[in-house]
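Step one of this worksheet: look at the structure below.
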Amino acid sequence: RRPAEAARDGPPGDAALATTSGAAGPLRLRSAAQAGAPAKYASGDPRRPGLCGEIVAAVMRVDPGLRIEGLDQAVPLRRLELMLSAGELDVFFCLLKAEHRHPLMRYLPVPLYRIAHVLAMRSDDERMPRTWDELRAFARRQPLLLAQGTKLASTLQVADVAFRDSARSDREALQMLVKGRTAAVYGQDVNLRQAARGAGLEGQVRIGPQVFEEETQYAVVSRQLPEQVVERLTERLRQLSASGEIARLAERYR
């Protein structure tokens, strides 16, 4: 079932809690996990189970009346955007800002964590582009590979860097890299490191030190979510940011 349907299960009236108990009291919100993003959700590593899932758990700890449900449902990124736009999800944790997303959803103002755009290459490959000019020249001969549906594709388009976004996940992209089906993978530092650990490829892949761009992850909500609910979520994230809890969680995934 879709997360929207799962969140509606329960006693009569539960589905209306998000619209009737926004400022205080019991509140259930529909969310989902992102498929193919183990650094964010369901990594399989008990030491690093997923940064965004841990942030969700922290939000619920500081607000015992709040339940954020549906993280057991893994949904592709493009589908998540559509579900937020349609009001089938109330909230989603960890999304980069992108022009096409602003009409579809609302970004909460509290930054969660920063990511760096980096390059992964085979450990035995001595090449490693360090500037945009070097990256453009490299990619003209061998287009970069990246996971489908990410905002990173638009970054490379603007920078005039050739790429293929044909990998279903960062893990698959790194596996293709090791097999020689691509020369380099462009991605987020946190995601690529988690994917390398999860696939057992740390000894075969190296992630370059050059940061080509930095961006911030945010929580987003449906534009149909009542203002009092938006304010409640925003305040909980402010609490976690001010206490340093979000920064401590993010550091464990570097």
Largest to smallest accessible area among His100, His117 [probe 1.4 Å]: His100, His117
Give me the one-decimal Kirkwood hydrodynamic radius in Å for segment 115-214, with the sum taken over alpha-carbon pairs. 13.0 Å
Can you give me the solvent accessible area of Arg252 with a 1.4 Å probe, rounded to the nearest 10 Å²? 100 Å²
Orientation-averaged projected area, Cα convex hull of the chain (nm²): 13.5 nm²
Arg197, Arg164, ranked by accessible area, largest first (probe 1.4 Å): Arg164, Arg197
Run through segment 126-195 and list the GluC sites (Glu not before Pro) located in a DSSP loop whose Cβ has at most 16 other Cβ atoms within 10 Å. Glu126
Once every DSSP H run of n ≥ 4 in the chain is given -39500 (n - 2.57) and the sum is divided by its residues, what mean residue ellipticity at 222 nm do you get, rounded to the nearest 500 deg cm²/dmol? -10500 deg cm²/dmol
Amide H of Phe163: which non-local residues (sequence gap of 5 or more, or other chain) have their own amide H closer than 5 Å, using H built in the peptide plane? Leu144
Stretch gain in nm, segment Ala74-Ala98, where the contour uses 0.36 nm per residue and the Cα spacing is subtracted: 6.5 nm
Leaving out ligands, DNA and RNA but keeping every protein chain, what accessible area does Ser154 have, in Å² rounded to the nearest 10, with a 1.4 Å probe? 50 Å²
Please report the relative contact order for segment 115-214, taking Cα pairs under 8 Å with a sequence separation of at least 6, and give it as a percent rounded to a whole number. 46 percent
With R₀ set to 41 angstrom, the calculated FRET efficiency between the beta-carbons of Lys151 and Glu126, to the nearest 0.05, is 0.85
When the charge dipole of the chain is computed with +1 at the Cβ of Lys and Arg and -1 at the Cβ of Asp and Glu, the Cα pointing farthest to the positive end, of Pro129, Ala153, Leu82, is that of Pro129
Report the accessible area of Val91, computed with a 1.4 Å probe over the heavy atoms of all protein chains in place, in Å² rounded to the nearest 10. 0 Å²
Carbon + sulfur, % of accessible area of segment 115-214 - ligands and nucleic acids excluded, 1.4 Å: 42 percent
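The values are calculated or read from the model by the stated rules, or taken from the named source; none is laboratory data. What you see is a predicted model, and the numbers here were worked out from it, not measured in a lab. Positions of Cβ are backbone-derived with ideal geometry, glycine not excepted, and every protein chain shown enters the neighbour counts. These accessible areas exclude ligands, DNA and RNA; they are computed on the full protein's heavy atoms, side chains included. Shrake-Rupley method; radii C 1.70, N 1.55, O 1.52, S 1.80 Å.
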